[in-house]
Amino acid sequence: MRTLARALALGGQLALLAVVVAWAGWLAPAGGQPAALRAAVVALPLLLPLPGLLRGSRRAHLWAALVTLPYFTHGVVEAWAGSRPLLAGLEIAAAVAAFGGCLLALSRSRPRRGGGAGASARGPRRGRS
């Protein structure tokens, strides 16, 4: 189940990357800037956690889940506006797959012991007021 969750997270992230690059760069260009520059700027946040996702890092899965939320919001707004409903639906589906896969991967993996913020080597405190 853990590898399935990681595969869903990585596949959703790559699908979202493909939809966003195609949309921002070539399918629905907004005037002014070169298409390649727009595509690079929009894709950069999705590219940052990819090496960690490939390694299976918990931190990368957390950041990837957080990064997908603005793309989900963008898809919902575009679907509501009705300008490009097919692209918006693809963006929403890819963002939901990436987010859900990241959350599943996080829930199926264990955090490291003792290294987190507020962690104590003796365990939880009891009896102190």
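The values are calculated or read from the model by the stated rules, or taken from the named source; none is laboratory data. Note that this is a predicted model, so its numbers are computed, not measured. All Cβ positions, glycine included, derive from the backbone under ideal geometry; neighbour counts span all protein chains shown.
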Next item on the list: Would you check if there is a residue in the stretch 62-71 being hydroxyl-bearing (Ser, Thr, Tyr) and surrounded by 13 or more Cβ atoms within 10 Å (Cβ to Cβ)?
Entry: yes
Margin query: When you check Leu53 against the structure, is it surrounded by fewer than 19 Cβ atoms within 10 Å (Cβ to Cβ) and either at pLDDT 90 or above or within 9 Å of the chain's Cα centre (by Cα) (or both), yes or no?
Written below: no
Item checked: Residue check, Glu91 more than 12 Å from the chain's Cα centre (by Cα) and not aromatic (Phe, Trp, Tyr) -> no
Margin query: Quick test for you: out of Val77, Val67, pick the one residue that is out of contact with any strand residue (DSSP E or B) (no Cβ under 8 Å at 6 or more places or on another chain) and under 30 Å from Arg110 (Cβ atoms).
Written below: Val67
Notebook entry, point to check: Under the condition of being within 17 Å of Ala18 (Cα to Cα) and not small (Gly, Ala, Ser), which residue from the stretch 79-97 is surrounded by the fewest Cβ atoms within 10 Å (Cβ to Cβ)?
Noted result: Leu86
